[in-house]
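What follows is a short report on a single structure.
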């Protein structure tokens with residue numbers, strides 16, 4: 001009798017569970033081809049999101065019956081993947097887009113960018129540039145970006161208003177900058193900036209000493225100590241050009257930039273080194289040992305003829321390598337991370353003389369989960385997994401330039417571009433849907449950019 005009662009109870013429980021009401025959540029993306037970047041691609045898959053986090057990923061037939069959402073996005077005919085992560089850029093430089101193209105780095109910096117910045121960069125300038133960049137990034141599927149510029153607290157404020165996630169580094173350099181005229185003033189600014197933004201849900205403050213040839217040994221050591229004290233990351237340009245190698249060697253007893261930074265105990269897992277074009281095999285081994293990440297910027301390196309970074313060798317050495325667009329002025333001119341992924345793959349093939357040197361999958365990894373590792377954020381973002389923050393994009397695969405699709409990763413990397421992104425979500429919040437940006441007034445941002453262009457042109461005549 002007891003056994004029969006227990007059996008009856010078990011059957012009743014199973015029936016109750018089977019008929020249980022679906023759980024209410026904030027957002028359900030259903031019916032798409034889901035690239036989790038953490039496992040196999042899921043055809044006709046769904047992603048369930050609640051309170052800013054991913055709560056389930058799987059087949060739509062399994063997920064959809066267990067959840068009911070306040071908002072449902074039909075992703076049939078589309079790809080669903082983690083948001084793109086730009087590991088190196090200078091977003092306010094959208095307002096200098098096209099000001100001085102087709103020049104090498106030192107000519108571009110010393111004769112055009114530094115003078116233009118000295119005359120034009122203000123709080124209002126960086127806010128306007130950040131709004132324009134935010135619209136471009138949201139429109140092309142970037143959900144996290146890593147910035148190095150001035151007035152970074154103002155950039156942080158505009159970034160948060162736009163709903164993007166970011167690691168934002170205040171640039172420190174050994175000559176008067178637009179926001180801080182002395183090194184001591186810059187350090188004071190940094191302390192206040194970190195205090196204001198550390199622990200924010202979207203914004204991570206960072207130190208950004210410009211480069212080993214523009215910041216003294218003493219100041220680099222000071223930055224290293226302060227970053228450790230305050231518990232924030234460091235962003236820096238390293239080994240971008242042969243000219244940089246020459247300048248560092250002349251000042252540091254023949255050392256290369258990577259070895260020089262290692263000699264002063266600067267490197268570590270909290271450092272993101274942009275470019276790394278001329279890192280030697282010895283330096284690559286050092287970076288791997290110190291767990292220092294590299295932001296690979298292939299289009300910038302090509303545009304400025306800086307060289308071809310040994311990315312395949314870096315990956316084989318065990319270095320975490322992400323993708324970056326660099327600044328959208330003279331060194332790239334756009335913030336399109338899907339174009340960057342395609343360039344990274346093609347440049348790796350050319351540099352190695354091997355079409356298998358970098359696959360479409362590897363390029364997408366660099367744009368997502370590997371970028372998250374570079375930033376030390378891979379436990380939170382970079383892949384579609386339950387428990388991670390809901391940074392998700394939806395890509396329309398029905399565009400003529402993409403069809404027909406035989407392999408979705410190949411289609412995204414080699415055929416699509418940022419214009420194919422249909423929906424952008426950060427922290428569970430929809431920033432763009434159906435190609436319409438919801439968190440930035442795009443016409444106003446464009447109008448302001450045109451107004452500033454006229455002022456910049458006038459300033460350069462003086």
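No lab work stands behind these numbers, since they all come straight from the coordinates. Since the model is a prediction, treat every value here as computed from it, not as a measurement. Virtual Cβ from ideal backbone geometry, glycine too; neighbours counted across all protein chains shown.
How much length would be gained if the chain were fully extended between residue 458 and residue 198, taking 0.36 nm per residue of separation minus their Cα-Cα distance, in nm to one decimal?
Numbers: separation 260, 0.36 × 260 = 93.60 nm, distance 3.85 nm.
Contour length minus the Cα-Cα distance gives 89.8 nm.
With contacts defined as alpha carbon pairs under 8 Å and 6 or more residues apart, what's the relative contact order of the stretch 204-280 in percent? Don't jump to the answer; show the numbers that get you there.
Details: 102 pairs, mean separation 27.8, N = 77.
Computed value for the stretch 204-280: 36 percent relative contact order.
Taking all pairs of different Cα atoms in the stretch 53-112, averaging 1/r and flipping that mean, what Kirkwood radius in angstroms comes out? Can you show the working numbers first?
Numbers: mean 1/r = 0.0598 Å⁻¹.
After inverting the mean inverse Cα-Cα distance, the result is 16.7 Å.
If I take every Cα pair under 8 Å that is 6 or more residues apart in the stretch 120-192, average their sequence separation and divide by the length, what percent do I get for the relative contact order? Don't jump to the answer; show the numbers that get you there.
Details: 75 pairs, mean separation 21.7, N = 73.
This gives 30 percent for the stretch 120-192.
Compute the acute angle (0 to 90°) between the alpha-carbon long axis of helix 281-290 and the principal axis of greatest extent of the alpha-carbon atoms of the chain; round to the nearest 10°.
With both axes taken from Cα atoms, the answer is about 60 degrees.
Would you mind pulling out the separation of the Cα centroids of the stretch 151-223 and the stretch 243-279, in Å?
Each part's Cα centre sits 20 Å from the other's.
Residues of the stretch 76-116 with backbone nitrogen within less than 20 Å of a virtual label 7 Å along the Cα-to-Cβ line of residue 185, please, listed as ranges.
114-116
Only counting other Cβ atoms within 10 Å, I'd like 304, 220 sorted with the fewest neighbours first.
220, 304
In square nanometres, what is the average projected area of the Cα convex hull of the stretch 190-309?
Working: hull surface 30.9 nm².
It is 7.7 nm².
Normalised by the empirical 2.2 N^0.38 Å for globular proteins, what value does the Cα Rg of the chain take?
Working: Rg = 23.4 Å, N = 462, 2.2 N^0.38 = 22.6 Å.
So the Cα radius of gyration is 1.03 times the expected 2.2 N^0.38 Å.
Suppose only helical runs count, i.e. DSSP H with n ≥ 4. What mean residue ellipticity at 222 nm does that imply for the chain under -39500 (n - 2.57) per run, divided by all residues and rounded to the nearest 500 deg cm²/dmol? Provide the component values of the computation, followed by the final result.
Working: 17 runs with 181 residues, N = 462.
My calculation for the chain gives -11500 deg cm²/dmol from helical runs alone.
Against the empirical 2.2 N^0.38 Å scaling, what ratio does the C-alpha Rg of the stretch 382-462 come to? Before the final figure, lay out each step's value.
Numbers: Rg = 18.1 Å, N = 81, 2.2 N^0.38 = 11.7 Å.
Here the answer is 1.55, to two decimals.
Could you please tell me the mean projected area of the C-alpha convex hull for the stretch 20-73, averaged over all directions and given in square nanometres to one decimal? Could you put the intermediate results ahead of the total?
Numbers: hull surface 14.3 nm².
Taking the Cα atoms of the stretch 20-73, their convex hull projects to 3.6 nm² on average.
Convex hull volume of the Cα atoms in the stretch 71-201, per residue, in Å³?
Values: hull volume 17.3 nm³, N = 131.
Enclosed volume per residue, from the Cα hull, is 132 Å³.
Could you work out the relative contact order of the stretch 84-374? I mean the mean sequence separation of Cα pairs under 8 Å and 6+ apart, divided by the number of residues, in percent.
21 percent
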